Amino acid sequence: MMNIAHTLHGIYARFLPEPNMETLFWLCVTLGMFALGIKLQLRLGRAPWANPVLFAIVMVALALFATQTPYDTYFHSVQIIHFLLGPATVALAIPLADSIRLVTRSLPAMTLALLAGSITSVVSGIVFVLLLGGSHEVALSMAPKAVTTPIAIAITEQIGGIPALTAAFAILGGIIAAMIGESTLRRLGITDWRAHGLAAGIAGSGIAAAQVAQRDPVGAAFAALGIGLNGLVTALIVPLVLYFLPG
């Protein structure tokens with residue numbers, strides 16, 4: 001326990017070299033609101049619309065607005081959470097390794113679904129913005145919306161979009177996928193957890209992937225593969241689509 005505590009203290013010190021009451025306060029508020037959101041969702045029978053991430057975002061945003069706290073101050077306070085997003089995503093490789101044989105047997109169908117989902121997401125995002133009279137820059141920011149946030153931001157930076165706008169699109173899309181993804185598939189008669197996991201991954205939703213991982217290890221494996229491959233495919237597709245995009 002002492003070794004674990006020492007390691008956590010070292011990681012925290014790395015991202016918060018000068019912790020103070022304000023930085024610790026916002027970290028506690030963020031974790032507390034998320035924990036409260038989980039309890040609320042459990043009280044409501046695990047209702048998908050009662051998403052704890054969405055609840056935490058709304059409550060923290062209201063707190064920041066009420067206290068007039070700058071975003072830079074808040075982000076500095078929660079850098080440790082931002083850092084842990086990477087290891088949490090990589091940890092999805094564990095169920096993938098456990099189910100690798102089943103995954104390889106499903107590769108043909110999975111490849112078709114992946115290509116269809118990635119291409120549809122990129123093209124529909126760009127076309128939707130342009131049809132509504134949006135700017136070229138906003139359309140570029142919308143293109144990688146269905147990729148997990150870190151990859152989406154990296155793609156947007158390379159193609160000349162607005163990284164902050166892409167992050168908002170990706171996070172909002174991930175929350176929506178977590179809220180309606182499972183119920184939509186079940187209404188369509190799709191109960192196979194492989195399909196649920198792959199759909200969550202192609203939607204780029206780490207939140208939905210985490211929900212699937214809690215319910216089925218095979219679904220978690222397909223979610224992990226979907227997130228990784230969708231990021232790769234989208235990074236290849238976006239430049240090709242932009243080549244034919246006017247302007």
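Quick notes
- Counting only helices (runs of 4 or more DSSP H) wholly contained in segment 92-192, the ones carrying 2 or more residues that are under 23 Å from Pro48 (Cα atoms) and open to solvent by 40 Å² or more (accessible area, probe 1.4 Å) occupy 163-187.
- Verdict on Phe65 being over 19 Å from Ala208 (Cβ atoms), of a type outside the set (A, V, I, L, M) and modelled with pLDDT under 85: no
- Any hit, segment 135-148, residues being under 23 Å from Asp98 (Cβ atoms) and β-branched (Val, Ile, Thr): yes
- Exclusive hit being modelled with pLDDT under 80, surrounded by 13 or more Cβ atoms within 10 Å (Cβ to Cβ) and under 24 Å from Ser205 (Cα atoms), set Leu16, Leu85: Leu85
- For segment 214-236, the count of residues that are in contact with a Phe, Trp or Tyr (Cβ under 6 Å, 6 or more places away or on another chain), modelled with pLDDT of 85 or more, surrounded by 16 or more Cβ atoms within 10 Å (Cβ to Cβ) and not aliphatic (A, V, I, L, M) is zero.
- Matching residues in segment 155-168 - criterion: being in contact (Cβ under 8 Å) with a residue 12 or more places away in the chain and hydrophobic (A, V, I, L, M, F, W, C): Ile155, Ile159, Ile162, Leu165, Ala167
- Residue selected from segment 21-45 under the condition of a type in the set (S, T, N, Q) and closer than 19 Å to Phe83 by Cα, by the criterion modelled with the lowest pLDDT: Thr23
The values are calculated or read from the model by the stated rules, or taken from the named source; none is laboratory data. It should be emphasised that the depicted structure is a prediction, and the values quoted were computed from it without experimental measurement. As a convention, Cβ positions derive from the backbone with ideal geometry for all residues, glycine included, and neighbour counts pool all protein chains shown. Please note that ligands, DNA and RNA were not included when accessible areas were found on the heavy atoms of the full protein model with its side chains. Shrake-Rupley method; radii C 1.70, N 1.55, O 1.52, S 1.80 Å.
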